[in-house]
Structure formats: C-alpha cells, structure tokens
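Heads up, the thing below is written out as structure tokens.
The values are calculated or read from the model by the stated rules, or taken from the named source; none is laboratory data. The model shown is predicted, which means the values in this text are computed figures rather than measured ones. Positions of Cβ are generated from backbone atoms using ideal geometry, with glycine treated the same way; all protein chains shown enter the neighbour counts. SASA here: full protein model, heavy atoms, side chains in, ligands and nucleic acids out. Shrake-Rupley method; radii C 1.70, N 1.55, O 1.52, S 1.80 Å.
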Amino acid sequence: MTLDPTLSALDVCDLETTGRRTGEPRVVELWFAADPARDRIYFLSGGRDAADWVRNARQGPSVRVRLGNRWFRGSAREVEGSEDETTARTLLAAKYQGWRDGRPLSGWARTSLPVAVDLET
C-alpha cells in the first residue's frame, strides 16, 4: 500500500519523537515529501543534527507522523550517504521549490540532513 495522494499533497505534517532527556512526546511541524512507490516519507533538516527532532530520532527511532487527522507509527533513520539520499533531496526540492530534472538543487536541498520515516500500514 502506498500513501494516499491526498495525504502526500499536504503542505506539512507533524512529527512526534520522544524527548531524549525527558522521555516525553515532542511534536514539530515539518515540510515532508512522500515516496510515491513506498510507505516512506522524507524530511530535510536545515539545522542538520543540531535539530532536536533529529537528535531525538537518533536516540529513539520509533516515531509518529500526523498527516491531516491521521496518525501513523514509523521508524526514522538518517539517509545521507545511502541510495535514498537523492530521492529525499529531489522530492522535497520539487515539492517546495519547483525543482526539476536538469536544474541544480538549492543550498537547502543540497546541504540539509535527509531523514526517512518508514510508515507502518
């Protein structure tokens, strides 16, 4: 099953991680892009690993994602240096910056830390 296109088209989603110090749920609103072939979404962290949500996901990769009114459980992982890196960068750049094949990626899309969340369906 792939993610419903109406959910994939949303502007933002909420990512819930578990606080690495407090153990409490932490929610952040983020830009995202859905992989059209899999139940996977991608994020780019402009703050790279200085972002609390990235640090929290590193320590506890079990996360929840809210798309519209629907919550999904998932597992987060950084994908820099993997075959998913290009997919993450280009999907987000296309969705939010109008990127197209043959054009250079913006600084944000090129240098941010890519993170994937595999959704449980």
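What about A50, is it over 19 Å from T2 (Cα atoms) and free of Cβ contacts under 8 Å to residues at least 12 places away in the same chain? Walk me through it before giving the result.
Values: over 19 Å from T2 (Cα atoms): yes; free of Cβ contacts under 8 Å to residues at least 12 places away in the same chain: yes.
Criteria met by A50.
Give the number of residues within the range 11-46 that are in contact (Cβ under 8 Å) with a residue 40 or more places away in the chain and over 13 Å from the mean Cα position of the chain (by Cα).
If we filter the range 11-46 for residues that are in contact (Cβ under 8 Å) with a residue 40 or more places away in the chain, which is where we start, we get 13-18, 20, 31-35, 38-46.
Filter once more, so that each one left must be over 13 Å from the mean Cα position of the chain (by Cα): 18, 20, 38.
The total comes to 3.
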ask   = Looking at R103, R110, which one is assigned to a helix (DSSP H, G or I) and either touching a residue at least 60 places away in the same chain (Cβ under 8 Å) or open to solvent by 70 Å² or more (accessible area, probe 1.4 Å) (or both)?
value = R110
request  = Among the candidates A94, A88, A76, single out the residue that is open to solvent by less than 60 Å² (accessible area, probe 1.4 Å) and assigned to a strand (DSSP E or B).
outcome  = A76
query = Considering only the range 20-60, how many residues are assigned to a strand (DSSP E or B) and open to solvent by 90 Å² or more (accessible area, probe 1.4 Å)?
reply = 2
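Could you please let me know if D101 is modelled with pLDDT under 95 and charged (D, E, K, R)?
Details: modelled with pLDDT under 95: yes; charged (D, E, K, R): yes.
Spelling it out, D101 is indeed modelled with pLDDT under 95 and charged (D, E, K, R).
Just to be sure before I move on: is V63 in a strand (DSSP E or B) and open to solvent by 20 Å² or more (accessible area, probe 1.4 Å) in the structure I sent?
No, not satisfied.
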task = Return a yes/no flag: does the range 55-68 have any residue that is touching an Asp or Glu at 6+ places or on another chain (Cβ under 7 Å) and among the hydroxyl-bearing types (S, T, Y).
result = no
ask   = Since A50 meets every condition but one in (1) in contact with a strand residue (DSSP E or B) (Cβ under 7 Å, 6 or more places away or on another chain); (2) more than 14 Å from D14 (Cβ to Cβ), which condition does it not meet?
value = (1)
